[in-house]
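The next block holds one structure in the form of structure tokens; read it before the comments.
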Amino acid sequence: MAASGAGSPARLVQYVVVRSDLVHVLSWPLGAVITQACHAATAALHLFRSDSETSRYLEELDSMHKVVLGVPDAAALTALSETLTQAGVSHKLWMEQPENIPTCLALKPYPKETVQPLLRKLKLFK
């Protein structure tokens, strides 16, 4: 794990990536889209709860840091999930049921420097 400062551990960030077309093209209510992001983030924390970085992130409840990014559509989200899988980045692709459509994904908490190169082209979700 990368370190920041004088021997202190790097700040952990949980990245969540949401399809922007859900709001801007398909006219989903904003609350429904936020719910999807919450599902993905919670699922990723649960799936990777035994990971040391996830444990440390959860121990620091009052200083959790999340970044919510956007992708244009389902194809971009699925492609990102495949890229993350190939790079060995632990994440959860959230599939809305019963429609079985990908709506967002969440990474387990990582030091920013570890995963930012894979996410740097994405913009904050708007």
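The values are calculated or read from the model by the stated rules, or taken from the named source; none is laboratory data. Here the structure is a predicted model, which is why all the values come from computation and not from measurement. Quick reminder, even Gly has a Cβ in these numbers, built from the backbone with ideal geometry, and neighbours come from all protein chains shown. Note: accessible area is taken over every heavy atom of the protein model, side chains too, but ligands, DNA and RNA are not part of it. Shrake-Rupley method; radii C 1.70, N 1.55, O 1.52, S 1.80 Å.
Things worth noting here:
- Among (1) among the acidic types (Asp, Glu); (2) touching a strand residue (DSSP E or B) at 6+ places or on another chain (Cβ under 8 Å); (3) under 16 Å from residue 13 (Cα atoms) - the single one residue 51 does not satisfy: (2)
- Set 88, 31, 5: member being more than 14 Å from the chain's Cα centre (by Cα) and at pLDDT below 95: 5
- Taking every residue in segment 31-53 that is in contact (Cβ under 8 Å) with a residue 12 or more places away in the chain and pairing it with any residue that is β-branched (Val, Ile, Thr) and part of a helix (DSSP H, G or I), at least 6 positions away or on another chain, the pairs with Cβ-Cβ distances below 6 Å are 33/23; 48/54.
- Hey, residue 89 without any contact (Cβ under 8 Å) to a residue 12 or more places away in the chain and of a type outside the set (S, T, N, Q) or not: no
- The helices (runs of 4 or more DSSP H) found entirely in segment 7-101 that carry 1 or more residues being among the β-branched types (Val, Ile, Thr) and open to solvent by less than 20 Å² (accessible area, probe 1.4 Å) are 30-47, 52-59.
- Test: residue in segment 108-115 that is part of a strand (DSSP E or B) and either touching a helix residue (DSSP H, G or I) at 6+ places or on another chain (Cβ under 7 Å) or among the hydrophobic types (A, V, I, L, M, F, W, C) (or both): yes
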